[in-house]
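Note sheet for the following structure.
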Amino acid sequence: MNRKEFFRNSLAASTCAGCFLLSATSLIASESVSTEDDKYQQLLQEKEFIQNWLTDLISTIETELDEPTRVKLLAGCGRGCFNRHKFKSDIAEKGKGDLDKLIEAYKQNFEAWKEGNTVHIRFGEVSPGCYCPSAKFRPAKPNDLHCECTRATHQTIFETALGRPVDVKILESVRRAPIMIVPSPKSQAC
């Protein structure tokens, strides 16, 4: 076999191998897309299940439990959220021991300002809705229970930073209406 024939045969063999590789890659890619679609559909089904389960749980809490117990349960979720999300404990750490520093630390993620003995916190002047994924897909209600979770999160930030009890009241929210921090009669004025 001469050199010309050798290269021609090699090129033909390479082309066949390349076609096989392209076909195999295409087959793998289509199987991968199919697998990804299946995973995506499964995730959507799980998301819907979790949304429905949370809706049922909140509805049961609202209808079967007294107000102090409802508030206590959602407040526990708010403290858990503080513990789970580092940016919230970072706010408390940056504002440790000083209300003015705490308000400045808040401003990295929220709008915050002091008005007399009251500190106001909001997610923005205009907010598209609640940012919590567990509330996002449930319709808001008057006196929405979910806001107790947010209230407790902010209370935990303040109490951690200032090292004393702080009373937090919900003035308004996107599910009800900004959160207001009011000094507790037991604590020093903020």
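Any read-out appearing in this document is the output of simple, stated calculations on the displayed coordinates, not a laboratory observation. Computed from a predicted model, the values in this text were never measured in an experiment. Note that we place each Cβ from the backbone using ideal geometry, even for glycine, and neighbour counts take in every protein chain shown.
Here are some notes:
- Descending by average beta-carbon neighbour count within 10 Å, the peptides 52-59, 90-97 line up as 90-97, 52-59, the highest first.
- Summing charges over all other residues whose Cβ lies under 14 Å from the Cβ of TYR40, with Lys and Arg as +1 and Asp and Glu as -1, gives -3.
- Candidate lysines for bridging to LYS39, where Cα separation is under 20 Å - those fewer than 8 sequence places away on the same chain excluded: LYS47
- Sequence-distant lysines (8 or more away, or on other chains) whose Cα lies within less than 19 Å of LYS86: LYS94, LYS96, LYS101, LYS107
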